Amino acid sequence: MTFMTSRRTDALSRERIVEATIQILDTAGESGLTLRAVTAHLATGRGAIYHHVTNKDELLAAAADGVIGQVVAAAAGGDDPRGSIRALALGIFEAIDARPWVGVQLSREPFQPAVLQIWKAVGVSLSALGVGGTALADAGSALVNYVLGAAGQHAAGARRAPDGAARKEFLDGVAAEWARQDSDPLVQESAALLREHDDRAQFLAGVDIFLAGIFSSEAIAAVRRDASD
């Protein structure tokens, strides 16, 4: 009897509900996520679900928080704060690429727990690199906004062209349209580069540009000088 009670408690824990929600989102998408679908997946009643979450919005926020929590944990613990930031950014990029619903959810509410996890992880690494005060807030916000925005845009494009052949056809079409609309040499060069560019490499290049800019900033240099005095 004790064993059966333990199994039921585990099955109805918040963690099990989040796992079920993620599985439903991965297989059926956001349109397939309902409280009824979660209760059916867990073979339980609605009352057990309502003990932890009360609506679909809370399910989505909890699921995104669960996915991002895994990304943050995987990127943490290294001796190189810059490397930790790059690993975190790439982990978020890959999580949103694999699960576009995560990107959609993160864009809905800037103060949800998943975004706080990202902000805290970035802030800890920047602080370890000597960035503090308002400079940390400014640099951290800019970097987090870039990571979420760029990863979300990539996921949106990936939904339109989910496989390699479709992606090449899609990019060829966009590049041709750009080249047709504007004869400016800059646009023509960008159109040519668009056909063969690597989203992942370009995303990481953007992270590196942000990091380089952060540490060349006069405001941050002043903060670091003050901290060393």
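What to note about this one:
- Yes/no for Ala95 being part of a helix (DSSP H, G or I), under 14 Å from Val144 (Cβ atoms) and within 12 Å of the chain's Cα centre (by Cα): no
- The residues listed here are Glu30, Glu58; of these, the one that is in contact with a Phe, Trp or Tyr (Cβ under 6 Å, 6 or more places away or on another chain), of a type outside the set (A, V, I, L, M) and surrounded by 12 or more Cβ atoms within 10 Å (Cβ to Cβ) is Glu30.
- The residue list Ala48, Ala74 contains one member that is small (Gly, Ala, Ser), surrounded by 14 or more Cβ atoms within 10 Å (Cβ to Cβ) and part of a helix (DSSP H, G or I), which is Ala48.
- Whichever residue in the stretch 14-45 is part of a helix (DSSP H, G or I) and among the β-branched types (Val, Ile, Thr) and, among such residues, is farthest from Ala98 (Cα to Cα): Thr39
- Reported count of residues in the stretch 68-104, each being touching a residue at least 60 places away in the same chain (Cβ under 8 Å) and on the phi > 0 side of the Ramachandran plot, is 0.
- Meets criteria (assigned to a helix (DSSP H, G or I) and either of a type in the set (Ser, Thr, Tyr) or surrounded by fewer than 22 Cβ atoms within 10 Å (Cβ to Cβ) (or both)) for Ala151: no
- Residues that are buried (at least 19 other Cβ atoms within 10 Å of the Cβ) and in a helix (DSSP H, G or I) within the stretch 123-137 comprise Gly123, Ser125, Leu126, Ala135, Leu136, listed in sequence order.
Every read-out reported here was derived from the displayed coordinates using simple, explicitly stated rules and does not represent laboratory data. Given the structure is predicted, the values throughout are model-derived calculations rather than measurements. For neighbour counting, all protein chains shown are included, and Cβ atoms are generated from backbone atoms with ideal geometry for every residue, glycine included.
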